[in-house]
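Worksheet: the structure to be examined is printed underneath.
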There are 2 protein chains.
Amino acid sequence: MRLATGVKLQNRALAFLTKAGITITPKEHRQIEIADFGLDDIDNVGLEIVVYENNDRYCAKELVMFPRQICPEHRHPPLSKQNIGKQETFRCRWGEVYLYVPGGRTRKPKAQVPEQYKKYLTVWREIVLAPGDQYTLRPNTLHWFQAGDEGAIISEFSSTSVDESDVFTDPRIQRVPEIE
Amino acid sequence: MRLATGVKLQNRALAFLTKAGITITPKEHRQIEIADFGLDDIDNVGLEIVVYENNDRYCAKELVMFPRQICPEHRHPPLSKQNIGKQETFRCRWGEVYLYVPGGRTRKPKAQVPEQYKKYLTVWREIVLAPGDQYTLRPNTLHWFQAGDEGAIISEFSSTSVDESDVFTDPRIQRVPEIE
């Protein structure tokens, strides 16, 4: 991703945070991670991430999602004998989020998925998160999510985050920071 | 604490959250913990706590502080060979917070402490937290904090919370939930 594009996306993410009444520092603004998962299609697939804290015990982030942006299907696998994998709690702060996990397929899901991404989305039990709603995912649980028409902001509380070990269903995906 | 008083304080805490643009569910509203630390002086010493998640790996809470309320001095001691004690990150979301930790005494601290509580406040290095500012406390670090004139809301991200093991400087303090 070109730097100018990255800065524009960081500014757009900041505008969503501001609308939601969430304050970040100028330094956090400059460090917003633009994750396009290597697909170069940020309007459809991506996350804008403010990492508040990530230490060897816990992690806290704000996830900004533009309208209808998708975070692609993945899981957080076991990392060692001591670490059964990342556990995470998603709390919707603003907007609406459609979260999908293993289980009976929801009949009329609210997600709207571009045709080319459908084959890499295999779990379809829908959980709708409005502001104040939250959901905790056990380690190694397949999941993906999409923001509603207005976008969304999600607080993520979790055990330590080790993004590079995430396992994605779409084999093309590389989970690395995209701003150079 | 009498139940009617507790409900009034819960409603007051909700009003602060609403003012700050933070949404909680009706169930979370009914479960707001009113911590008066056994001192029965909630206007001066207390915390109003929304526990979002507290599992065996991480914890996330919203701390509501009424104007000039004090959270008394305490530390989170080691709990076992595997657990060196609770580590926590305070992120100010709204209002202003004056946090005190070990180190050189701040000359003109912003805290305003009623005379009777001064002798149990022994650390005086001041950290001022405005919205977007945060500070991470290593385990077993003495600390106390006070909200500014408008009150404050703090997101606390931490390792697992085990309140009953906290060690307070004031020997009268009992850290137990106060709403029955």
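Bear in mind that the values in this text are calculations on the coordinates, not laboratory data. Only a predicted model underlies this, so the values are computations on that prediction, with no experimental measurement involved. Methodologically, a virtual Cβ is constructed for each residue, glycine included, from the backbone with ideal geometry; neighbour enumeration extends over all protein chains shown.
Each copy carries a label point for B:Thr141 at 7 Å from Cα toward Cβ; from one copy, the others' points are 3.2 nm away, ordered from shortest.
Straightening the chain between A:Asn54 and A:Glu150 buys 31.7 nm, computed as 0.36 nm per residue apart minus the Cα-Cα spacing. Within the listed set A:Val97, A:Val51, A:Val64, the Gaussian network model of chain A (springs between alpha-carbon atoms below 10 Å) gives the highest mean-square fluctuation for A:Val51. So which trypsin sites (Lys or Arg not before Pro) in region A:104-180 are both in a DSSP loop and have at most 14 other Cβ atoms within 10 Å of their Cβ? Taking region A:104-180 and a limit of 14 other Cβ atoms within 10 Å, the loop trypsin sites (Lys or Arg not before Pro) found are A:Arg105, A:Arg107, A:Lys110, A:Arg172. Distances between copies of B:Asn83, taken at a point 7 Å out from Cα along the Cα→Cβ vector and listed shortest first: 2.0 nm. Straightening the chain between A:Lys27 and A:Arg2 buys 7.0 nm, computed as 0.36 nm per residue apart minus the Cα-Cα spacing.
What is the spin-label model distance, in nm, from B:Ser165 to B:Gln116 if the labels are put 7 Å beyond Cα along the C-beta direction? A separation of 3.2 nm, rounded to one decimal place. Both radii are taken from the alpha-carbon atoms of chain B; with Rh as the Kirkwood radius, Rg/Rh is 0.93.
Counting alpha carbon pairs within less than 8 Å and at least 6 residues apart, what relative contact order, in whole percent, applies to chain A? Relative contact order for chain A comes out at 31 percent. Can you flag which of B:Lys19/B:Lys86; A:Lys86/A:Lys119; B:Lys61/B:Lys118; A:Lys19/A:Lys110; A:Lys27/A:Lys61; B:Lys27/B:Lys61 are past 18 Å Cα-Cα? The pairs that break the limit, which is 18 Å between Cα atoms, are B:Lys19/B:Lys86; A:Lys86/A:Lys119; B:Lys61/B:Lys118; A:Lys19/A:Lys110. Averaging Cα coordinates gives a centre for region A:21-73 and one for region B:151-174; these two points are 30 Å apart. Of the trypsin sites (Lys or Arg not before Pro) found in region A:19-93, those that fall in a DSSP loop while having at most 14 other beta-carbon atoms within 10 Å are A:Lys81.
Under a straight-distance cross-link criterion of Cα-Cα below 19 Å, which lysines are reachable from A:Lys81, leaving out those fewer than 8 residues away in the same chain? Answer for A:Lys81, where 19 Å is the Cα cut-off: B:Lys81, listed by chain and number.
Ordered shortest first, which distances in nm separate the 7 Å Cα→C-beta label point of A:Lys108 from those of the other copies? Nearest to farthest, the other copies are at 6.5 nm.
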